[in-house]
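The values are calculated or read from the model by the stated rules, or taken from the named source; none is laboratory data. No experiment lies behind these values; they were computed from the predicted model shown. As a convention, Cβ positions derive from the backbone with ideal geometry for all residues, glycine included, and neighbour counts pool all protein chains shown. Please note that ligands, DNA and RNA were not included when accessible areas were found on the heavy atoms of the full protein model with its side chains. Shrake-Rupley method; radii C 1.70, N 1.55, O 1.52, S 1.80 Å.
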Protein chains: 2
Amino acid sequence: MVTGKMPEGSFRRFLAERGEEVETALRRCVGGLAEVVPAAVRAAVEDGVLGGGKRLRPILLVTACEELGGEVCEAAYDLSASVELIHAYSLLHDDLPCMDDAPLRRGRPTAHITHGVRAATVAGAAMIPWAAAWAFESALRMGRAREQARAITLHLLEAAGAGGMIGGQAVDLLAEDRSPGGAASPLDEAALERLHGMKTGALLAASLEIGGMAAGAGDAALAAMGRFGRSLGLAFQVMDDVLDATGSEEVLGKRPSDSEHGKSTYVQLMSVDGARNRARALVAGATAALDAAALAAPRLRELARFVIERRR
Amino acid sequence: MVTGKMPEGSFRRFLAERGEEVETALRRCVGGLAEVVPAAVRAAVEDGVLGGGKRLRPILLVTACEELGGEVCEAAYDLSASVELIHAYSLLHDDLPCMDDAPLRRGRPTAHITHGVRAATVAGAAMIPWAAAWAFESALRMGRAREQARAITLHLLEAAGAGGMIGGQAVDLLAEDRSPGGAASPLDEAALERLHGMKTGALLAASLEIGGMAAGAGDAALAAMGRFGRSLGLAFQVMDDVLDATGSEEVLGKRPSDSEHGKSTYVQLMSVDGARNRARALVAGATAALDAAALAAPRLRELARFVIERRR
């Protein structure tokens, strides 16, 4: 087994620096979109994308790229922005009045509150193909061949799609089922795991795999990235439920609302302590995937720990 | 100049036969999506996709493929379904309460009326990456290399994206501008042409180009498809405004509502007769692009005539 814990202060600095580079790349990405869409839509996209966040997916992408031998250049951050754009689309649509009807995200009014439901709806839809176009251009600028850049782009879209993140949104919608004639029924653990595997795990795993693809990594390393990412994605979601159940609005920057909305959570299924233990076991499984592929990847290991130690 | 008008009855039969093959392919396409999304979302997709329509884009795709030397096989119809799926997504979201708030589409209640706004919103978003995945698989099944299949897929997404159809939806949104603080201002002809070039022209041109790409056509023929498609797309939109101004709800199967919503139309800009003449000139320009590339393409010429002679 490979270990290599970074000093605490050093890891915080690393996170902050990567986060700043991601913010800059996101502004470039949204700036490109701004050239083709009108002001109201651009403003909704900016609110949805530049309103803060942990930036976990793009940081995982550039870190996977680096630790599998790639160069962490400006274009790599641009590639990472495309993944965050897909994630931001999902939050923007999740918050819509017809979905979770959320007035607040990260302590600020949601995009549809500020810019109207129409602008927020179009903005969200525009972000999907824009993320694809941006990923393709960024991968080319990283020196990938057109064929590889296209493979990266289609991998991103597949993770976003009906078998991944958007499919997960759809399953989530049915699980709550406030649609006409629907009846809410609680999910068991297997169904909840499947839901989050689609809604969170697919894009998180794709972030790591795309980082590896951008680095030109081989099949074994890419498979390890996928396993690491799926376990980490689930751990992230389990901890989200724990924080939702134990955190206050002030710390979370949003209303702890999932259980109010009648969504099934890990805390309901296995209590707060049980969920914490499950998250720890998932992170242990994630790092075991790195061990099995003999990948040191100290920063990915730190990021995995961060997921269960975070307070929001 | 190349001519070759088909007998009237023969062209109607051709349209009906192609339309039936497209319907069958659309059912295959939606059936694939149904395996990964829950019932409410699948029902909304089915309503949005299988509720009828002219199927102009997929018919143009398979016809371009055929007339540029490709084989019109089952996989070609599947590829054509991916283009219609993108078109159907745009209609589904256009009809939402936060957009045009349309209760009726093709004489039937819109998807959000029947299945709820949440299901319709998620269904629309799911259709974008699903169309990409379906296009990729279909192009492979047509015998295209992975590289070509990916190029076809990204071309579809580019036409759908912020610089194309969805960007056009966004511009349209601002032109009406019922968002907070907005003020409607009428568009001049250049702005209206730019709007429709994005909202209709990009995807229509892409349908023809993708048909050519699937046939393995050369650059000159593909460029002709693009020019033909952009002119035809604009002609189509001009005639839509004419039909909106002169048709009844009974014939159109929808409320003739664009001018009610304060949208700028060609009829407002240049009267019904002026708009008809403009549409005819655009179709003449479209067929001139075929002439310039020495393409006989008799069925594409018939389809261009159909666009200005249709009654709905």
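How many residues are part of a loop (DSSP other than H, G, I, E, B) and at the interface with chain A (Cβ under 7 Å from one of its Cβ atoms) when one looks only at the stretch B:162-174?
Going through the stretch B:162-174 one residue at a time, the tally reaches 2.
Name every residue in the stretch B:268-308 that is open to solvent by 30 Å² or more (accessible area, probe 1.4 Å) and farther than 26 Å from B:Ala223 by Cα, in order of residue number.
Residues satisfying the conditions are B:Gln268, B:Leu269, B:Met270, B:Ser271, B:Val272, B:Asp273, B:Arg276.
Here's the yes/no breakdown for (1) within 21 Å of A:Arg42 (Cβ to Cβ); (2) at pLDDT below 95; (3) open to solvent by 20 Å² or more (accessible area, probe 1.4 Å):
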| site | (1), (2), (3) |
| --- | --- |
| B:Ile166 | yes, yes, no |
| B:Gly182 | yes, yes, yes |
| B:Glu189 | no, yes, yes |
| B:Gly233 | no, no, no |
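Which of the residues that make up the stretch A:200-234 are charged (D, E, K, R) and over 21 Å from A:Lys54 (Cβ atoms)?
Within the stretch A:200-234, A:Asp219, A:Arg227 qualify.
Return a yes/no flag: does the stretch A:32-53 have any residue that is among the charged types (D, E, K, R), surrounded by fewer than 24 Cβ atoms within 10 Å (Cβ to Cβ) and in contact with an Asp or Glu (Cβ under 6 Å, 6 or more places away or on another chain).
No: the stretch A:32-53 contains no residue that is among the charged types (D, E, K, R), surrounded by fewer than 24 Cβ atoms within 10 Å (Cβ to Cβ) and in contact with an Asp or Glu (Cβ under 6 Å, 6 or more places away or on another chain).
State all residues of the stretch B:71-90 that are closer than 14 Å to B:Ala132 by Cβ, within 9 Å of the chain's Cα centre (by Cα) and either of a type in the set (A, V, I, L, M) or modelled with pLDDT under 95 (or both); if no residue qualifies, say none.
Scanning the stretch B:71-90 gives B:Val83, B:Ile86.
Sort out which residues of the stretch B:87-106 are open to solvent by less than 50 Å² (accessible area, probe 1.4 Å), in contact (Cβ under 8 Å) with a residue 60 or more places away in the chain and either among the charged types (D, E, K, R) or at positive phi (or both), and write them in order of number.
B:Asp94, B:Asp100 - these are the residues of the stretch B:87-106 that are open to solvent by less than 50 Å² (accessible area, probe 1.4 Å), in contact (Cβ under 8 Å) with a residue 60 or more places away in the chain and either among the charged types (D, E, K, R) or at positive phi (or both).
Name, by its number, the condition in (1) assigned to a helix (DSSP H, G or I); (2) modelled with pLDDT under 90 that does not hold for A:Gly124.
Result: A:Gly124 passes all but (2).
Could we say that A:Ala149 is of a type in the set (A, V, I, L, M, F, W, C) and within 15 Å of A:Gly216 (Cα to Cα) here?
Here the answer is yes, as A:Ala149 does meet what is asked.
Please go through the stretch A:112-161 and pick out each residue that is more than 27 Å from A:Gly226 (Cα to Cα), more than 7 Å from chain B (Cβ to nearest Cβ) and open to solvent by less than 10 Å² (accessible area, probe 1.4 Å).
A:Ala120, A:Ala123
Scan the stretch A:56-68 residue by residue and report those that are within 20 Å of A:Lys199 (Cβ to Cβ) and open to solvent by 10 Å² or more (accessible area, probe 1.4 Å).
Of everything in the stretch A:56-68, just one residue is within 20 Å of A:Lys199 (Cβ to Cβ) and open to solvent by 10 Å² or more (accessible area, probe 1.4 Å), namely A:Arg57.
So which residues in the stretch B:96-111 are touching a Ser or Thr at 6+ places or on another chain (Cβ under 6 Å) and within 7 Å of chain A (Cβ to nearest Cβ), if there are any at all?
B:Cys98
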